[in-house]
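Written out below as structure tokens is the structure these notes cover.
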Amino acid sequence: MALRRSPSSTCAESWTNGASFFQVATALSESSSIHSDAFYYLTKDMSGMGLEPMSYSILEPVARKGEPNAEESQSLLQSNSMPISPSEDKLPVVGPPSSLQGSEEGLYFNDGRRKVDYVLVFHQRRHGSIRSRASTSISHDRLSIVSNGNFPPSTGSDAAAGRAASVPAGEAARVGEVFMELGDAGGSESTEPADHEMRLIRQEFEANLLEAGLEIERDRELKNHGPSFTRLHAPWPVLCREAEFLKIKVPTKTSYELKEESGFGSSMSTVWRKINHPFQPKVPHQEQERTKFLTHCFSRDKLHLYNIRSKEAFFDNATRGRIVYEILRRTVCVRSCQTIGISTLIAKGVYDAAFPLHDGDYKVIGHLEERSDRQVLHDEWARYSAFYKYQPIDLVRKYFGEKIGLYFAWLGVYTQLLIPASIVGIIVFCYGVATVDTDIPSLEMCDDRLNFTMCPLCDGACDFWQLSTACGTARASHLFDNPATVFFAIFMSLWAVLFLEHWKRRQISLSFSWDLTGIEDDEEHPRPKYETILLQKRQRKQKTKKKKKKNEPEKQEDGTVTGKDRWRQKLLSAMAAGIPAAIEKLTWKDRLPGYLINVSSILFMFALTFSAVFGVIVYRITVSALMAMSPDPETKSNVRVTVTATAVIINLVVILILDEIYGAVALWLTELEIPKTETNFEERLILKAFLLKFMNAYAPIFYVAFFKGRFAGRPGNYVYVFNDYRMEECAPGGCLIELCIQLSIIMLGKQLIQNNIFEIGIPKLKKLARALKDKGPAEKELEEERPPQQWNLDYALAPFEGLTPEYMEMIIQFGFVSLFVASFPLAPLFALLNNVIEIRLDAKKFVTELRRPVAVRAKDIGIWYNILSGMGKFSVIINAFVISFTSDFIPRLVYQYMFSQTGTMHGFIDHTLSHFNVSNFKPGTAPQNLEQGNITVCRYKDYREPPWSSDAYTFSKQYWCVLAARLAFVILFQNLVMFLSLIVAWGIPDVPKTIVEQFKREKKLLVDVFLREEKEKFQLIQSLFSKDNTLHPGRHTLHPSQGSHLPGRFSTLPSGPTQGLLGEGGVPRARCRAASFSLFTGNIPASPANENENSKHTMV
């Protein structure tokens, strides 16, 4: 239908005629691809009231005499009307699709033949009412409904149709004329001006879609409110055109068998396939994986080469959806004051959503052999009972596209490689359990006979205590702090390199099998936000120019620009008019406020993270002091365990809250930067979100690993917080056991709460909220409607919001596994268990809970690979510092080989404890209740000179030896691991040998195919010329001096009439063909006989 708008209105203006009427002229033709089903019932009701519908042969707009916008209405209507194809005359326009059953219901137009490739959704917000002719004034616009002959015959309909053909347009409009009021003029319920504008924008946009070749079907019912659906279908010519533009690779008729291994390798492969058979998903057509079809970029000139069995099934649903999305994305809508279509319109609220349809219901109803791709994915991939099976990655890619397929392939590779890391981590942990009873430092710490009296843990209220009371902490610390931990840290550093190299090989293999090699990046259109800011900038410039033009005459009157200068100015202006204007874009000056806000906000977020960590530190210090002053001895004995556990739980809660806040803040900050394209926006968002969430998740762990106990001071000279509370110290067994507790609780808590409960619970709550919101006003209408179609079911699902959250949680987990793995060898095991559930959880979410995303092509995982690579290198440094500074590995080595009398670990505890004279306590800090008796000297963990030394309480020689050994270990560890990483990366080629061989083989076969095509065409042309020369022996002869023969053996000649062969001057002209492979013939030796024969036949 065509809606009228004043030509003076602009996109910045609003509609003021809230109670106006719209003049509409539409045709409900059976052959038309655009259907207004609501008008069908409306006109049918009017027929029952005695109002005769007009004949569908009248397709001109209805215009009143003297109406200023009649021509505009007519042009709009003509642009919206679609040409009627004779082949579609018998397609039904309205009525339920009774011919469809099972999972195919709701996937086609009402004719049951054309697929629904895409769905646009918008909301009706106001009620409509029908008014009589008498109740309207002449200023109201008309709604003319044109019948398609499906209504019951009436006595006056034929006469009206005949009369309409002979009377003027203004008179014909009165036949079957009815008014629809879109707003109550009385003011009871006024229609918003924005709704009128949205309706006009949708009309223009859909008219442009029709012009682009798409076919449109609208809802049957005239809804007063609620969602309305517009279905889009791309016919075969449009699919072919867009596939050629997008360079989509399609299979040809030529296929070849993949090379199988022979000998011992073949037998091993057979055995491995038999072992793996129970773990393979039952995907149809999987047995044909040994046969591969050659693929080539689609070209309409080479349809005979492609394996086209059915035009409807040649392009799968994901490809069809992607093609339609490309048309939607580049379709211009001038009325919205933007240049690009669907993304801008959704951002402006013109449409509520746009998405391709799922392949029916995910529940299997019929036979298993007739399952759709969605049902196969649900049964073999998106169920927790299939946790032990491999992922059907090829089917995932086919259904969701390459970008999502690469994510799940990456997640699968990561999860598989966690298996060996988990096994080694379990071995290291078991080694610690087996050697805990023979560890000499732990035995010395637990020995009551050694009687190490330790200095108080707090001032005043705390008493001296015996080191043997920390026996449990020491034994638990040995489980993770043992010589095997160093080996495990080196192993995990190499594992990270191996993982990245293995993924590179896997990615290249997938790129080859998915025909992603050689694809070009698709041209990206500007984002709606960018275009809006750019439009505002243009408007400001135009206003400035108008002001300057107004001021110019005044200057000329003053005599500033006169005579020759005025002539020169006009000449320069005329010359400048011929120069094309530079393309306007946003500069750094336009983005400077956003950059300043970004920097300041990120610094504020860092300060907030550090403040949260510091608040937990203060909590630990105060609670430790309060519990130490408790008269209950049991409370005193459990101070460290209680404080550590509660502090870690508080840290976890703070991390989860700040994680959600930082995600929203990163999105807001990225919007302020005004990125031009979606890719640029996504990369900037990923970097900000990763930086903020990385600091949030790892700040407490960094504190425990590298800062806790380092700045606490010593007895008699402690460091205080708020002048009252001492800085906390590490446990007697070292800070590594606390680091292990911190890492394990945060890692497990994030995985259990954030990654699983949030992912399951929040989408269900959102779905329930949407259902409750839509249930109230639409409850009565649903009872009268037909069963919900596939677009209704898909619209009820949650929209797809990108893969950034999925990648982010796995990257943070990768940090837990790699960065501090030396303190918690069981981290890979817990990550493996989480990922086994995560894969099925994400699969279930994509198959059953999300709308189908557009199939997006991608060659790799993008910026995430760079982040993984950076974290892998960073983990080497972190693990080196954890081993050297946090654990006791280096002090033990130094003692055993430099200070031990027997070369063993006997006496290590006494060597690490310094002496302190209790008389040197500051006033008020000495213990008040002495239960240990008369104590003169207490011990504390540090390398300092004793009180009887001339340099009392200064760092001892042992301290400097240990520090030098720690720094040397960091340098040695880092260089050793980096060197081994380079060897691993060098030893594993990026491209598998089999892929290289297959690529060469496919290239050779493809060249042969097109050479054969050229030869067949040339032989056909030869035969045609031979027949022509036989029928007309002297017609096409030229003297040899008047022309020259075409060089080459298989030269491309036109297949049209013979006069097309002559260029200017009678010289033969070769045909210009796109995507011709005749360039491969340059290296083929030409046969003299054949060349003479060619010359003989091609001379004209």
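The table below lists the values:
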read-out: Cα-based reach from Lys550 at 18 Å (exclusive), listing lysines while leaving out same-chain residues under 8 positions away; value: Lys541, Lys570
read-out: Cα→Cβ-extended label distance, 7 Å offset, between Asp990 and Lys589, nm; value: 4.2
read-out: Accessible-area value, Trp668, 1.4 Å probe, nucleic acids and ligands omitted, Å²; value: 130
read-out: Pairs beyond 22 Å (Cα-Cα), from Lys589/Lys676; Lys389/Lys767; Lys249/Lys363; value: Lys389/Lys767; Lys249/Lys363
read-out: Charge dipole (debye, nearest 20) of the range 377-422; +1 at Cβ of Lys and Arg, -1 at Cβ of Asp and Glu; value: 60
read-out: Of the chymotrypsin sites (Phe, Trp or Tyr not before Pro) in the range 365-416, those whose Cβ has at most 15 other Cβ within 10 Å and which sit in DSSP loop; value: Phe387, Tyr388, Tyr390
read-out: Given charges at beta-carbon only (K, R positive; D, E negative), |dipole| of the range 613-693 in Debye; value: 360
read-out: Residue among Thr469, Gln507, Met445 farthest towards the positive dipole end of the range 419-519, charges placed on Cβ; value: Gln507
read-out: Added length on full extension, which subtracts the Cα-Cα distance from 0.36 nm per residue, Ala664 to Ala313; value: 122.1 nm
read-out: Extension gain from Ala353 to Phe264, taking 0.36 nm per residue of separation minus the Cα-Cα distance; value: 26.4 nm
read-out: Positive-pole candidate from Ile741, Leu691, Ala771, dipole of the range 677-780, charges at beta carbon; value: Ala771
read-out: In Hz, Karplus ³J(HN,Hα) per residue of the range 976-988 (6.51, -1.76, 1.60; θ = phi - 60°; x = Gly, Pro); value: 5, 5, 4, 5, 5, 5, 5, 5, 5, 5, 6, x, 9
read-out: Accessible-area value, Glu531, 1.4 Å probe, nucleic acids and ligands omitted, Å²; value: 20
read-out: Vicinal HN-Hα couplings computed from phi for the range 420-427 (Karplus, 6.51 cos²θ - 1.76 cosθ + 1.60; Hz; Gly/Pro x); value: x, 5, 5, 5, 5, x, 5, 4
read-out: For Met905, solvent-accessible area (1.4 Å; no DNA, RNA or ligand), Å²; value: 30
read-out: Percentage relative contact order, the range 882-1023, counting C-alpha pairs under 8 Å, at least six apart; value: 19
read-out: Nonlocal amide H pairs with Trp465, under 5 Å, H built at 1.01 Å; value: Met454
read-out: Phe707 versus Cys297: modelled label distance in nm, points set 7 Å from Cα along the beta carbon direction; value: 5.5
read-out: Dipole moment magnitude, nearest 20 debye, the range 315-455 about Cα centre, only Lys, Arg, Asp, Glu C-beta charged; value: 1160
read-out: Distant-in-sequence amide H partners of Asn307 (H built 1.01 Å from N, under 5 Å); value: Thr252, Lys253
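The values are calculated or read from the model by the stated rules, or taken from the named source; none is laboratory data. This one's a predicted model, so the numbers in the text were calculated from it and none came from an experiment. All Cβ positions, even for glycine, are placed from backbone atoms using ideal geometry, and neighbour counts span all protein chains on display. Remember, those area values only see protein heavy atoms, side chains included, never the ligands or the DNA or RNA. Shrake-Rupley method; radii C 1.70, N 1.55, O 1.52, S 1.80 Å.
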